[in-house]
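Read the figures in this text as sums done on the coordinates, not as results from a lab. Every value quoted in this text rests on a predicted model; they were computed, and no experiment measured them. Reconstructed Cβ throughout: ideal geometry from the backbone, glycine too, with neighbour counts over all protein chains shown.
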Amino acid sequence: MARALFDFRTRGRFDIRSQPGFGAIALFTFVLLYLPIITLVVYAFNASDSLSSWGGFSLHWFAAAAQNQSVQDAAWRSLIIAASAASMATIAATMAALATTRTPPYPGLSFKYAFINLPLMVPEIVTAVALLIVFAKVKVWTGYTGLGYLILAHTAFCIPFAYLPIRARLEGMDQSLERAAADLYAPPWQVFRRVTLPLLRPGIIAGFMLAFVISLDDVVISEFVKSGGQDTLPTYMLGQLRRAVTPEINAIAAAFLVLSVALVTMFFFINRKKA
Amino acid sequence: MASAAEIARRDEQGKIRSRWLLSAPALLIVFIASIGPLFVMLAYSFMAKGDYGDVKPGEFSLDGWFSVFFQRDIFDDTLSLADAHLSILWRSVRLSVITTVLTLALGFPTAYFIATRPRHSREIWVFLVTIPFWTNLLIRTFAMQQVIRNEGVLNTLLMWLGVIQEPIPIMYTDWAILFGMVYVYLPLMVLPLYASLEKLDFRLIEAGYDLYAGRLAVLRRIIIPLVKPGIVAGSILVFIPSLGAYVIPRVLGGGKNLMLGNLIELQFGAGRNWPLGAALSITLMVLVMVAMLFYVRNAARSGGGHG
């Protein structure tokens with residue numbers, strides 16, 4: 001496996017697939033993609049107080065980050081928002097996917113499809129300031145300034161991400177099992193709960209995980225929607241970057257990175273099993 | 001008694017109604033917290049600005065749109081083009097185009113390289129591209145900062161190699177933004193290119209060589225035309241977020257090298273000019289829509305030719 005992976009040489013005879021220099025550029029691309037991330041993680045283990053010099057290996061900054069009250073609060077807030085937004089987005093997206101697949105075309109079908117995917121087309125900064133305008137008014141009218149605004153905003157931009165894998169799964173699903181259940185006098189709800197839902201589960205899990213990661217990563221919309229004292233982990237880090245940066249930020253980023261990579265790896269294997 | 005056809009028709013209508021009901025929550029949430037506010041913003045761009053941010057409700061004014069492109073001299077009241085805004089607009093477009101070209105130059109060979117690996121290892125290479133793609137954008141921007149800053153990996157390496165004596169200041173320049181955007185958006189170019197290249201029929205390339213084409217001719221006359229849909233898709237996927245970039249120029253460009261996204265933020269913060277901010281946002285959206293339209297037309301034209 002490893003040999004095949006790193007086999008940059010052309011075979012002895014003329015290889016119609018090879019193009020000169022492409023292997024080298026590809027190698028450069030992978031170095032470019034990973035060098036910054038690796039640098040960031042390495043400096044998280046730096047014992048020194050600043051990022052300019054290497055002071056030996058230490059877990060000091062991880063401990064400092066873990067004990068920092070603001071970091072704890074922000075991390076907790078990020079998780080609550082991501083979990084709520086991803087759950088709501090997944091439920092809404094599952095219902096929408098059931099309503100927009102495996103059906104003969106009906107009026108409004110393509111509108112629904114386009115509308116649900118519309119948030120993907122709008123630049124984040126535009127959505128962010130538009131929400132700032134509207135929520136500023138709503139905050140004055142209702143007096144409510146809780147996490148609800150962030151959760152609602154996150155749910156909206158998570159819906160297209162949850163919708164795509166669920167829809168894809170539904171479209172590839174064989175309808176004969178559901179027909180068989182209906183033929184055997186299972187009422188529609190039973191068919192849904194015992195046949196459709198279990199078959200759909202991998203798509204739902206994938207949709208939820210995508211939505212969760214997307215919500216966790218969001219900086220721009222959160223930055224504009226949050227009220228005072230509602231920093232999420234990314235907006236906290238963005239705020240810190242304005243000041244003198246210590247390796248504590250690296251430690252937070254490294255921990256965050258591990259979480260993201262773990263989720264993506266899980267997503268990769270769940271999807272692969274399906275195929 | 002209703003005929004069978006009548007019953008079937010009613011049944012179909014009932015199904016459509018329940019399908020609307022089923023999709024209502026998703027449509028409603030997207031409308032309330034994503035699309036609807038855009039209309040409010042459009043309305044705001046036509047109102048007079050309030051004294052401390054916000055707008056004077058109901059007071060119609062074109063000042064917001066006017067000041068996107070023009071400025072009035074405070075002393076003699078003459079009109080001139082708003083150089084500051086136009087130069088930021090121009091920088092945004094220019095940097096986004098360069099980013100798209102650079103990611104294509106790096107991404108095409110990379111996608112080609114992955115597509116020509118043995119089948120079982122392709123999946124791993126694609127996975128390696130996907131991981132940075134799903135990593136937090138802020139973290140990746142911050143990671144790039146640590147590579148290009150004065151004491152960063154790049155300068156240290158170049159000094160160690162003796163190429164340079166003094167560190168090259170890259171941070172807080174347009175170069176820094178460019179480095180950051182290429183790095184952050186590269187996976188968005190590689191993935192659609194790979195999807196196109198993977199379907200490439202290598203017998204066509206073989207036929208090209210049989211007809212005495214050189215490597216360059218094969219690349220130019222066979223491969224690139226066949227994967228054009230992937231090239232267009234990747235370019236759009238990189239160009240659009242580059243144009244609206246906010247975090248990357250804020251972290252790497254510092255306070256001076258603004259892009260459109262930062263100019264918009266400024267109007268809602270220190271600038272206290274919400275109508276102008278709203279008008280700038282709509283301008284950005286129009287630019288994005290033009291790019292999308294270009295893509296849709298291109299996709300429709302090349303769609304019929306090959307799979």
>> Considering just Cα atoms, how many Å³ per residue does the convex hull of chain A enclose?
In response: 232 Å³
> Taking the alpha-carbon set of region B:1-122, what are its Rg and Dmax in Å?
Replying inline: 27.3, 84
>> Within a 10 angstrom radius of the beta carbon, how do A:Asp174, B:Asp54 rank from fewest other beta carbons to most?
In response: A:Asp174, B:Asp54
> Whose amide H sits under 5 Å from the amide H of B:Val55, counting only residues 5 or more places off or on another chain, with H placed in the peptide plane?
Replying inline: B:Gly50
>> Can you compute the FRET efficiency between A:Asp15 and A:Asn68 using 1/(1 + (r/R0)^6), with r the Cβ-Cβ distance and R0 = 56 Å? Round to the nearest 0.05.
In response: 0.50
>> How would B:Tyr52, B:Tyr185 line up from fewest to most surrounding beta-carbon atoms within 10 angstrom?
In response: B:Tyr52, B:Tyr185
> Once you charge only the Cβ atoms, +1 for Lys and Arg and -1 for Asp and Glu, what is the size of the charge dipole of the protein assembly as shown about its Cα centre, to the nearest 20 debye?
Replying inline: 1860 debye
>> For B:Lys256, B:Lys199, which order do you get if you count the other beta carbons within 10 Å of each Cβ and list the fewest first?
In response: B:Lys256, B:Lys199
> Looking at this model, which pairs from A:Lys139/A:Lys226; A:Lys139/B:Lys56; A:Lys112/A:Lys137 are more than 22 angstrom apart at the alpha-carbon?
Replying inline: A:Lys112/A:Lys137
>> Under the rule of at least 5 residues apart or a separate chain, name every residue whose amide H is placed under 5 Å from the amide H of B:Phe70.
In response: B:Ala82
> Helix by helix, which DSSP H runs in chain A go 24 Å or more along their axis at the Cα atoms and have an average Kyte-Doolittle hydropathy of 0.0 or more?
Replying inline: A:22-44, A:69-100, A:124-142, A:148-171, A:197-217, A:247-274
> What's the extension gain from B:Gln71 to B:Ala4 if we count 0.36 nm per residue and subtract their Cα-Cα distance?
Replying inline: 17.1 nm
>> On the Cα set of the protein assembly as shown, report Rg and Dmax in Å, please.
In response: 26.1, 95
> Given charges of +1 on the Cβ of Lys and Arg and -1 on the Cβ of Asp and Glu, with all other atoms neutral, how large is the dipole of region A:80-198 about its Cα centre, in debye to the nearest 20?
Replying inline: 200 debye
> Based on DSSP H assignment, which helices of chain B show an axial Cα extent of at least 15 Å together with a mean Kyte-Doolittle hydropathy greater than or equal to -1.0?
Replying inline: B:4-30, B:83-115, B:119-134, B:137-148, B:174-198, B:228-243, B:274-303
